[in-house]
Structures are given as C-alpha cells and as structure tokens.
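The values are calculated or read from the model by the stated rules, or taken from the named source; none is laboratory data. From a predicted model like this one, the values you see are computed outputs, not experimental measurements. Quick reminder, even Gly has a Cβ in these numbers, built from the backbone with ideal geometry, and neighbours come from all protein chains shown. Surface areas here come from the heavy atoms of the whole protein model, side chains and all, with no ligands, DNA or RNA. Shrake-Rupley method; radii C 1.70, N 1.55, O 1.52, S 1.80 Å.
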Amino acid sequence: MFARAPALGRGKRRLARDIGDIAALRFERLMLARVLLRLGRDRRWHLRLAVTPDPALQRKRLWPRGIPIIGQGGGDLGERMRHALVTCPPGPAVLIGTDIPALGPHHIAAAFRLLGSHGIVFGPARDGGFWLVGARRSPRLPPLFGNVRWSGPHALEDVLANLPRQVSVGFAARLDDVDDGASFRRLAPSRGF
C-alpha cells in the first residue's frame, strides 16, 4: 500500500483546494484507516506500507503494529512506485493507494488472479489514472513509469505506452479515486465521509 503520512497542508492538495485543508486531512486519515482495516488482516496476501515522506517512518503512532513499513524513497511518483514494487519479497505484487473508497479485498484478490495470466495488471480509474498496478515481476519489472503525465487524464495511457509490446496487460475493475472536490462530492454520499 502506497501512503502519505497524514499531515495538515501536505497531501491531497487538489482535494484541499476544493474542500479545505482540515476536511482533506480528515479524509486522508479516514481512508488510511479504512483500507488498513479492510485489507490488513487478509491471509491471502502480506500487506506492506510504503510511506512518504521517509522521516514519517519514525512516527510509530501513525502506523499499525505488525505491518512492515518502508520509505518510498526519493524521485517523482513513478520512481517511488517502482521502488515500492521492486523492494517487495519475491513473487507477484500489487500496489494501491489509499484514496479509493470502494476498494475491498475482492478487488485485490481479482488483481492477483489476473497476474496468473498477465505480466502487468492495472486497475483503471474514471479520471484516466489508475488505482492499482500489479506485476508478476518475473524475471524482472518491465519499464513502466518514464514520461508519464501524472495527476491527469493521460496517466494510464502514458504508462501503457511505456510497456514493451510483448508484456501481457490485464485490467481489474474500474474504480473511482478521490483527487479533487468533484470526485469527493460524487462519492461522499454513498461512502460515509
């Protein structure tokens, strides 16, 4: 799981511009807790947290006990995502964010099933990005994240364009993430935040 340490004025900047810093922080904290609760105890996988900024690793009260935690490291979003994937133990791995209200264990299980027949799996988002990337990682992770227009409608399209043609790509369910006030308002009534 790819997460930012919740801090006032630090994360979800587009959302905060639309709904305010305090409401955005409240959303971040709620979603982090919900995703950890929904996915953290499932025995079908081993949950790990990749957090930013790296010094937040020392803020022990932010993170649940018993779940391995690593820093995302430096670089742009793509470099940090690649780091999170390649530092996982051997075998298939999926990477998710914490801003997907409808995310449940069945979505993660479906992504792992897709990795049985595809080298890479994406969970597309309505806004043109993706809420999940998964890789079989054998023999190694193919290039994914160079020349990507992050935080816009072309992110998934750009990542797919980076892949070698011989890499088989599967697609998980399309889910909505919350990046701005419009997505927050669209999803808030049905998700209780």
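If a residue has to be among the small types (Gly, Ala, Ser) and open to solvent by 30 Å² or more (accessible area, probe 1.4 Å) to count, how many in segment 65-82 make the cut? Full working, then the answer.
Kept after step one, since they are among the small types (Gly, Ala, Ser), are these residues of segment 65-82: 66, 71, 73-75, 78.
Checking the rest, the ones that are also open to solvent by 30 Å² or more (accessible area, probe 1.4 Å) come to 66, 74-75.
Qualifying residue count for the region: 3.
Among (1) within 24 Å of Val159 (Cβ to Cβ); (2) surrounded by 13 or more Cβ atoms within 10 Å (Cβ to Cβ); (3) not aromatic (Phe, Trp, Tyr), there is one condition Arg26 misses while meeting the rest; what is its number? Only one criterion is unmet by Arg26, namely (1). On the basis of being aliphatic (A, V, I, L, M), modelled with pLDDT of 95 or more and open to solvent by 20 Å² or more (accessible area, probe 1.4 Å), does Val169 make the cut? Spelling it out, Val169 is indeed aliphatic (A, V, I, L, M), modelled with pLDDT of 95 or more and open to solvent by 20 Å² or more (accessible area, probe 1.4 Å).
Please go through segment 42-53 and give me each residue that is under 18 Å from the mean Cα position of the chain (by Cα) and either assigned to a loop (DSSP other than H, G, I, E, B) or under 25 Å from Ala109 (Cα atoms) (or both), ordered by number.
Quick first cut of segment 42-53, residues under 18 Å from the mean Cα position of the chain (by Cα) only: 42, 45-53.
Listed by number, the residues that qualify are Asp42, Trp45, His46, Leu47, Arg48, Leu49, Ala50, Val51, Pro53.
The lone criterion from (1) surrounded by 13 or more Cβ atoms within 10 Å (Cβ to Cβ); (2) part of a helix (DSSP H, G or I) left unmet by Ala161 is number (1).
Out of the residues in segment 1-16 that are of a type in the set (A, V, I, L, M) and farther than 18 Å from Leu103 by Cβ, state the one that is most open to solvent (accessible area, probe 1.4 Å).
Of segment 1-16, the ones of a type in the set (A, V, I, L, M) are 1, 3, 5, 7-8, 15-16.
If we keep only those that are farther than 18 Å from Leu103 by Cβ too, we end up with 5, 7-8, 16.
Numbers: Ala5: 4, Ala7: 28, Leu8: 106, Ala16: 8 Å².
Looking at residues that are of a type in the set (A, V, I, L, M) and farther than 18 Å from Leu103 by Cβ, I get Leu8.
Taken over segment 98-138, residues that are in contact (Cβ under 8 Å) with a residue 60 or more places away in the chain, open to solvent by less than 40 Å² (accessible area, probe 1.4 Å) and among the hydrophobic types (A, V, I, L, M, F, W, C) amount to 7.
Being of a type in the set (A, V, I, L, M, F, W, C), touching a helix residue (DSSP H, G or I) at 6+ places or on another chain (Cβ under 9 Å) and open to solvent by less than 30 Å² (accessible area, probe 1.4 Å) is true for just one of Leu95, Leu85, Leu62. Which residue is that? Please lay out each step first, then the result.
Numbers: Leu85 fails: touching a helix residue (DSSP H, G or I) at 6+ places or on another chain (Cβ under 9 Å); Leu62 fails: open to solvent by less than 30 Å² (accessible area, probe 1.4 Å).
Just a single option satisfies the conditions, and that option is Leu95.
What's the number of the only condition in (1) under 30 Å from Val167 (Cβ atoms); (2) modelled with pLDDT under 95 that Ala110 fails to meet? Answer for Ala110: the failing condition is (2). Residue-level check: of (1) buried (at least 18 other Cβ atoms within 10 Å of the Cβ); (2) in a helix (DSSP H, G or I); (3) small (Gly, Ala, Ser), Ala33 misses just (1).
Going through segment 73-99 one residue at a time, which ones are assigned to a loop (DSSP other than H, G, I, E, B) and not acidic (Asp, Glu)? Reasoning before the result, please.
Taking segment 73-99 as the starting set, the residues that turn out to be assigned to a loop (DSSP other than H, G, I, E, B) are 73-76, 87-92, 97-99.
The answer is Gly73, Gly74, Gly75, Thr87, Cys88, Pro89, Pro90, Gly91, Pro92, Gly97, Thr98.
Suppose the filter is open to solvent by 40 Å² or more (accessible area, probe 1.4 Å) and under 16 Å from the mean Cα position of the chain (by Cα); does Ile19 pass it?
Details: open to solvent by 40 Å² or more (accessible area, probe 1.4 Å): yes; under 16 Å from the mean Cα position of the chain (by Cα): no.
Considered against the rule, which asks whether it is open to solvent by 40 Å² or more (accessible area, probe 1.4 Å) and under 16 Å from the mean Cα position of the chain (by Cα), Ile19 comes out as no.
Among the residues of segment 54-72, those that are part of a loop (DSSP other than H, G, I, E, B) and modelled with pLDDT under 95 comprise Arg59, Trp63, Pro64, Arg65, Gly66, Ile67, Pro68. Annotation: of all residues in segment 139-158 being open to solvent by 80 Å² or more (accessible area, probe 1.4 Å) and closer than 21 Å to Cys88 by Cα, the one that is modelled with the highest pLDDT is Arg140.
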